[in-house]
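Since the structure comes first, as structure tokens, the remarks are kept for the end.
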Amino acid sequence: MKRLFVGTCGNKVGLARYVNLFNALEVNATFYRFPSEKSLRNWEKTLSGRQDFCLSLKAFQGLTHPLSSPTWRRSGLSPEELEGLKGKVGCLRLTEATQRYFLETLELAARVSARYLLLQLPRNCEAEAAELRKFLSWAREVPGPERLHLALEIRWEDPDLLLELWEEFQTVPAFDPLLFPEFLERLRALPRLYFRLHGERQGSRLNYHKKYREEELQKLAELVKELPAEEILVFFNNVYMHEDALRFRKLWG
């Protein structure tokens, strides 16, 4: 029987209310910095006993994003600390820093019973794609939560790479099936799929200020029903993500 998990990338309402509306959440806050003890305790308390809830953590930017990314401004690190990370972070380079971040992330995932860890690589990592296999080969040997799956989203168009990494490392491909049908065509036979709905493309940029039309949500629902995958995650990542995810859940029934 197909398992479908629907939610949003980040939550616009409190977690206690959110878990009564959706059966999945992608936590984006973990991308910018590791959570405080207070936040962790709240997650543990709210999610305790919810075996049917699917939690995904977006991996810390130190694993995936070079220091040139503007997202580092929200890291809370001092200029001196950032200077010490030059050439040691991002693009899944295998360094002492990324190994440390990955181990810390596994501890976090175990504590909150996360089922997925999303690794999102920006476009400027395409030139270093060869590094992926080194890192994933190392990560595969690291003991971690038994049911934790690694998911990978690349911000360049290479569905063959995602297929190869699934075959080699069982890294679940993450992509937008409506914006990138060529990814869907290449990856549709896989047993696990991770969908992130970003809105629409405007040239080379993504427009997150899109509200999905009813026929687009219907198309997505039909697509999900047709796929042979045993488990599919659908996360909305647009400005209207909360409303659109609720509409999609209602449509799905």
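Values for this structure:
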{"item": "Any hit, segment 55-72, residues being without any contact (Cβ under 8 Å) to a residue 12 or more places away in the chain and either more than 18 Å from the chain's Cα centre (by Cα) or surrounded by 17 or more Cβ atoms within 10 Å (Cβ to Cβ) (or both)", "result": "yes"}
{"item": "Counted residues, segment 126-162 - those being among the aromatic types (Phe, Trp, Tyr) and under 19 Å from the mean Cα position of the chain (by Cα)", "result": "2"}
{"item": "Of all residues in segment 93-104 being touching a residue at least 40 places away in the same chain (Cβ under 8 Å) and more than 16 Å from Leu57 (Cβ to Cβ), the one that is surrounded by the fewest Cβ atoms within 10 Å (Cβ to Cβ)", "result": "Leu94"}
{"item": "Number of positions in segment 125-141 that are crowded, with 16+ Cβ neighbours inside 10 Å and either touching a Gly at 6+ places or on another chain (Cβ under 9 Å) or outside any helix (DSSP H, G or I) (or both)", "result": "2"}
{"item": "Residue among Arg186, Arg196 that alone is charged (D, E, K, R), touching a Cys at 6+ places or on another chain (Cβ under 8 Å) and either on the phi > 0 side of the Ramachandran plot or crowded, with 17+ Cβ neighbours inside 10 Å (or both)", "result": "Arg196"}
{"item": "Filtered residue count, segment 22-52, keeping only those that are part of a loop (DSSP other than H, G, I, E, B) and at pLDDT 90 or above", "result": "8"}
{"item": "Every pair of residues 6+ apart whose Cβ atoms lie under 8 Å, when the first sits in segment 115-129 and is under 18 Å from Thr105 (Cβ atoms) and among the polar types (S, T, N, Q) while the second is in a helix (DSSP H, G or I) and at pLDDT 95 or above", "result": "Gln120/Phe31; Gln120/Thr64"}
{"item": "Residue tally, condition surrounded by fewer than 15 Cβ atoms within 10 Å (Cβ to Cβ) and either of a type in the set (Phe, Trp, Tyr) or within 16 Å of the chain's Cα centre (by Cα) (or both), over segment 105-124", "result": "1"}
{"item": "Matching residues in segment 53-68 - criterion: being within 21 Å of Leu121 (Cβ to Cβ) and either assigned to a helix (DSSP H, G or I) or of a type in the set (A, V, I, L, M) (or both)", "result": "Leu57, Ala59, Gln61, Gly62, Leu63, Thr64, Leu67"}
{"item": "Unique match (being part of a loop (DSSP other than H, G, I, E, B) and more than 22 Å from Thr8 (Cβ to Cβ)) among Leu82, Leu77", "result": "Leu77"}
{"item": "Strands (runs of 3 or more DSSP E) contained entirely in segment 142-253, each with at least 1 residues that are touching a residue at least 12 places away in the same chain (Cβ under 8 Å), touching a Phe, Trp or Tyr at 6+ places or on another chain (Cβ under 8 Å) and within 22 Å of Glu128 (Cα to Cα)", "result": "149-154, 172-175"}
{"item": "Pair list, Cβ < 8 Å and 6+ apart or interchain, from segment 27-50 residues that are touching a residue at least 60 places away in the same chain (Cβ under 8 Å) to residues that are assigned to a helix (DSSP H, G or I) and among the charged types (D, E, K, R)", "result": "Phe34/Glu104; Leu40/Arg111; Glu44/Arg111"}
{"item": "Of the criteria (1) at pLDDT 95 or above; (2) loosely packed, with under 15 Cβ neighbours inside 10 Å, which one Arg201 fails", "result": "(1)"}
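The values are calculated or read from the model by the stated rules, or taken from the named source; none is laboratory data. Note that the structure is a prediction, hence the values are computed from the model and not measured. FYI the Cβ positions are ideal-geometry reconstructions off the backbone, even for glycines, and counts take in every protein chain you see.
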